[in-house]
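The next block holds one structure in the form of structure tokens; read it before the comments.
The values are calculated or read from the model by the stated rules, or taken from the named source; none is laboratory data. The structure displayed is predicted, hence computed values, not measured ones. Quick reminder, even Gly has a Cβ in these numbers, built from the backbone with ideal geometry, and neighbours come from all protein chains shown. All accessible areas refer to the heavy atoms of the entire protein, side chains included, with ligands and DNA or RNA removed. Shrake-Rupley method; radii C 1.70, N 1.55, O 1.52, S 1.80 Å.
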Amino acid sequence: MALMTDSTIQVLKDGHVTSPKGFTAGGVHCGLRKKKLDFGWIHSENPAAAAGVYTLNTFQAAPLKVTKNSIEQDKHIQTIIVNSANANSCTGKQGYSDALTMQQWAAEKMDVCVDHVAVASTGLIGVTLPMDKIKNGIDLMGSETSTEDFEHAILTTDTVTKHTAIQLEIDNKTITIGGAAKGSGMIHPNMATMLSFITTDAAVDPDSLQQALREVTNKSFNMITVDGDCSTNDMVLVLANGQQNNNLLNESHPEWATFVQALQLISEELAKMIARDGEGATKLIEVNVKGAPTEESAGHVAKAVISSNLVKTAVYGSDPNWGRIVCAVGYSEQPLDPEKIGVSLGDIEVVKDGLPVDFDEEEGTDYLESKTVKLLIDLNNGSCEATAWGCDLTYDYIKINASYRT
């Protein structure tokens, strides 16, 4: 059963990364953790056009480098392997060699070209991988496990799995796009300690797919924050295996814009799931900025507000302290006129033309008790807008991260 979002794109109920035709996934316990699943894979029946975006952190982890190199060389991926519990980051030449070994072992196990294997890791930084345990996981690839097992195997401090899928019509064929992600802490614009894997059975030109992924990432994964930390292992991968045999999608295809819209929708949904599941979080915060001179400027303001610890703690405490929002807008370093600014908490207007508006503070407090809190900012200085997502900052965030190693 599908839930209609507009006339062309449908969100599938209980959709997964394997909803598109020709993809399978699984997860096992290989020994990196005491009991939890810790090694997973996604596999396409045929090599898929691939695109990737990666963290801007200077300390890029070894598996990220291996995957990036493979995609740049061949532009196709058939198998993705992921381990949790160990990031294989800041591990020097040994870590890079281990990531290459993981790639080689997986290629042999799944009988695919070595450059058609993507490697991803997440977990503790600065510890070399126990390769005997990784080998245990790779030896179990293809065993009878489920997509849900994959979704659990990639988690770290996440409290829930994150998955979705959508369908749309292209060339009179039903195209499916599915996704899975992990991420809970060390989340900040320019990606985060997050991994996201998106699959589709559409035929897509790899260069066009890469450009589309960059565009939608800037409006989705790069617009979320939990704690202001940017990780070493962030990666978003898209695989398009072409099993629906549509005419090759690229910028000249008449339905290219519809495909990009669908890719952005699934990316936004996964991004919001990550923001909602921020470590210790109790609320999703959505910041919409309109009336900006450019979309980029609106994005900078939205990021400044969603990244403010004072705003995040006010939302946690259900305190309608709009001064913290205005303060964050002011230090965003964007062109604005303080005497034109408007701010609303949901439907409750609290600032107009830069001045306070009388409102019922009790009503404001009640609104901030909601599981999803929307902060609306009007710069009244243009026609562009942008949206960013984050979560409240709670006592539990400190507890979780103070004992992360233990």
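Do we find that residue 80 is of a type in the set (A, V, I, L, M) and in a helix (DSSP H, G or I) in this structure?
no
Just need a number here: residues in region 336-348 that are part of a loop (DSSP other than H, G, I, E, B), surrounded by 14 or more Cβ atoms within 10 Å (Cβ to Cβ) and at pLDDT 95 or above.
Counting residues in region 336-348 that are part of a loop (DSSP other than H, G, I, E, B), surrounded by 14 or more Cβ atoms within 10 Å (Cβ to Cβ) and at pLDDT 95 or above gives 2.
Regarding residue 304, is this residue open to solvent by less than 10 Å² (accessible area, probe 1.4 Å) and either touching a Ser or Thr at 6+ places or on another chain (Cβ under 7 Å) or closer than 19 Å to residue 350 by Cα (or both)?
Judged against the criteria, residue 304 is not a match.
Restricting region 63-85 to residues that are within 19 Å of residue 137 (Cβ to Cβ) and open to solvent by 10 Å² or more (accessible area, probe 1.4 Å), which is modelled with the highest pLDDT?
Only one residue fits best here, namely 78.
Looking at region 349-387, which of its residues are open to solvent by 20 Å² or more (accessible area, probe 1.4 Å), over 25 Å from residue 280 (Cα atoms) and in a strand (DSSP E or B)?
349, 352, 355, 356, 378, 384, 385, listed by residue number.
Of the numbered conditions (1) open to solvent by less than 10 Å² (accessible area, probe 1.4 Å); (2) within 24 Å of the chain's Cα centre (by Cα), residue 292 satisfies every one except a single condition; which is it?
Residue 292 satisfies every listed condition except (2).
Given the criteria under 28 Å from residue 278 (Cα atoms), open to solvent by 40 Å² or more (accessible area, probe 1.4 Å) and polar (S, T, N, Q), does residue 128 qualify?
Taking the combined requirement at face value, the residue satisfies it.
Which one of 27, 15 is farther than 23 Å from residue 214 by Cα, assigned to a loop (DSSP other than H, G, I, E, B) and not β-branched (Val, Ile, Thr)?
15
Is there a residue being without any contact (Cβ under 8 Å) to a residue 60 or more places away in the chain and within 17 Å of residue 237 (Cα to Cα) anywhere in region 46-64?
Yes, that holds for at least one residue.
I'd like to check which helices (runs of 4 or more DSSP H) are fully inside region 107-220 and have at least 1 residues that are within 24 Å of residue 53 (Cβ to Cβ) and over 16 Å from the mean Cα position of the chain (by Cα).
Filter on region 107-220 gives 147-153, 206-218.
Could you grab me the full set of residues in region 142-175 that are among the hydrophobic types (A, V, I, L, M, F, W, C) and crowded, with 20+ Cβ neighbours inside 10 Å?
Of everything in region 142-175, those that are among the hydrophobic types (A, V, I, L, M, F, W, C) and crowded, with 20+ Cβ neighbours inside 10 Å turn out to be 150, 153, 154, 155, 165, 166, 168, 170, 175.
Would you check if residue 240 is in contact (Cβ under 8 Å) with a residue 40 or more places away in the chain, under 29 Å from residue 60 (Cα atoms), within 15 Å of the chain's Cα centre (by Cα) and crowded, with 24+ Cβ neighbours inside 10 Å?
No.
Please determine whether any residue of region 340-347 is within 25 Å of residue 296 (Cα to Cα) and in contact with a Pro (Cβ under 8 Å, 6 or more places away or on another chain).
yes
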